[in-house]
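Beneath this line is the structure, given in structure tokens, with notes to follow.
The values are calculated or read from the model by the stated rules, or taken from the named source; none is laboratory data. Model, not experiment: these values are computed from the prediction. A quick note on method: Cβ atoms are made from the backbone with ideal geometry, for glycine too, and the neighbour counts reach across all protein chains shown.
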Amino acid sequence: MTALLLGALGLTLSLVVPGPLARARWTARAPGAAVALWQAVTLAAVLCALGVVLAAPEELVRAHGADQTLAAAALVAALAVAAVIVVRLLVSLWQVAYRSRVRRARHRLLADLLDRAEERADLDGQVRVLDGGLPFAYCVPGRSPRIVLSQGTLRLLSEPQVAAVLAHERAHLRARHDVVMESFTAFYRAVPPPLRSRAPLDAVHLLLEALADDAARRQHGDGPVREALRTLADAPGTTGIEAGTEDPDRERRWRLDRLVPGAPRTDARLGAAVYVVAAAILVLPTVLLVIPWLDRALRHWPI
Ligand SMILES: [Zn+2]
């Protein structure tokens, strides 16, 4: 029964929850808590999968009163499959992190080589300015981070807007949003195609943009952030303020909607409630299902 319940919960968390959660409007008012909720949902789905693998053989053996040899074989098989799941996840995490670091190191080198920032003495040492009229702004995270702007961006934006864009990129770097995205990418790649959903990747990307926008608006006000986003997104030849989203138009609309005058502000009470739900998603299945099963199983396993 435990395996069935954990299986149902795991499938619900990985296939049913992501769609409505990705479409939910309230996440715009509590983006940090919504990221924590996505993390809880993703991690709980993985823990449910591990729970099924461990509980199902034990419950079958116990229900059919199998002998000690068969029970021992089932235990070894269950542990082996669980180990494969964990190793697959860890390898995926390592691969995503390694590739990102290699790509960023090359990117950093290129940005340093092509840098024209000396023409703008007002920009700080992290900022690199690339030639060209195409407007863009993004950051290259890591131990030695960079913020890359094009000359087109500096031409199009006013000084307060450039300051807002820099604050947005610094927020990404400071909070290591790249690590959050890497963990979701690694989970996505490790899960077999029929069981995975792209919704968490796109939704978390949007929420991290919202968190960086909020950091920028706290420093520079709503106006410069909104106008910088609108100007960069509307400029000919560009698809959005930064790369990384499947649907740049939706991202632009969603972010601008949060920044228009009169839009609902970030809601601390809603955020606190969502953090509680996230914690419950992680803790309750363990307390209600896994611990009682473990108690029964330990009395029957041949160990
Ligand atoms: Zn951003």
Point to revise | Unmet criterion (only one of (1) away from the ligand (no atom under 12 Å from the Cβ); (2) touching a Ser or Thr at 6+ places or on another chain (Cβ under 8 Å); (3) over 27 Å from Gly262 (Cβ atoms)) for Asp178 | key: (1)
Review point. Would a scan of the range 158-173 turn up a residue that is among the small types (Gly, Ala, Ser), within 30 Å of Val46 (Cα to Cα) and out of contact with any strand residue (DSSP E or B) (no Cβ under 9 Å at 6 or more places or on another chain)?
Key: yes
Exercise for review: Pick out the one residue from Val180, Val191 that is at pLDDT below 90, out of contact with any strand residue (DSSP E or B) (no Cβ under 8 Å at 6 or more places or on another chain) and of a type in the set (A, V, I, L, M, F, W, C).
Suggested key: Val191
Review point. Of everything in the range 194-214 that's in a helix (DSSP H, G or I) and modelled with pLDDT under 85, which residue is surrounded by the most Cβ atoms within 10 Å (Cβ to Cβ)?
Key: Leu195
Check your understanding: Among the residues of the range 86-120, which ones are in contact with a strand residue (DSSP E or B) (Cβ under 6 Å, 6 or more places away or on another chain) and in a helix (DSSP H, G or I)?
Key -> Arg104, His107, Arg108, Ala111, Ala117
Point to revise | Condition broken by Gly10, with the remaining ones in (1) outside any helix (DSSP H, G or I); (2) touching a residue at least 12 places away in the same chain (Cβ under 8 Å) satisfied | key: (1)
**Study point:** Selection from the range 181-191 of residues that are touching a residue at least 24 places away in the same chain (Cβ under 8 Å) and either within 12 Å of the ligand (Cβ to nearest atom) or assigned to a helix (DSSP H, G or I) (or both)
**Key:** Met181, Glu182, Ser183, Phe184, Thr185, Ala186, Phe187, Arg189, Ala190
Study note, to complete from the structure: Restricting attention to the range 274-289, the residues that are among the small types (Gly, Ala, Ser) and touching a residue at least 24 places away in the same chain (Cβ under 8 Å) number exactly 2
Review point. Restricting attention to the range 221-231, does a residue exist that is surrounded by fewer than 18 Cβ atoms within 10 Å (Cβ to Cβ), within 22 Å of the chain's Cα centre (by Cα), more than 16 Å from the ligand (Cβ to nearest atom) and more than 27 Å from Arg104 (Cα to Cα)?
Key: no
Exercise for review: Among the residues of the range 22-36, count how many are assigned to a helix (DSSP H, G or I) and in contact with a Leu (Cβ under 7 Å, 6 or more places away or on another chain).
Suggested key: 7
Exercise for review: For residues that are surrounded by fewer than 20 Cβ atoms within 10 Å (Cβ to Cβ) and either part of a helix (DSSP H, G or I) or within 11 Å of the ligand (Cβ to nearest atom) (or both), tally how many sit in the range 155-166.
Suggested key: 5
Check your understanding: Hey, does the range 74-94 have a residue that's more than 19 Å from His205 (Cα to Cα) and in contact with a Gly (Cβ under 7 Å, 6 or more places away or on another chain)?
Key -> no
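Quickly run through the range 266-303 and pick out the residues that are in a loop (DSSP other than H, G, I, E, B) and surrounded by 11 or more Cβ atoms within 10 Å (Cβ to Cβ).
If the condition is that a residue be in a loop (DSSP other than H, G, I, E, B) and surrounded by 11 or more Cβ atoms within 10 Å (Cβ to Cβ), then Thr266, Asp267, Trp301, Pro302 are the ones that fit.
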Check your understanding: For the subset of the range 167-177 comprising residues that are at negative phi and either of a type in the set (Gly, Ala, Ser) or not in a helix (DSSP H, G or I) (or both), which member is surrounded by the fewest Cβ atoms within 10 Å (Cβ to Cβ)?
Key -> Ala175
Practice item. Within the range 18-48, track down each residue that is without any contact (Cβ under 8 Å) to a residue 40 or more places away in the chain and crowded, with 22+ Cβ neighbours inside 10 Å. Key: Ala45
Exercise for review: Scan the range 230-243 and give yes if some residue there is polar (S, T, N, Q) and touching a His at 6+ places or on another chain (Cβ under 6 Å), otherwise no.
Suggested key: no
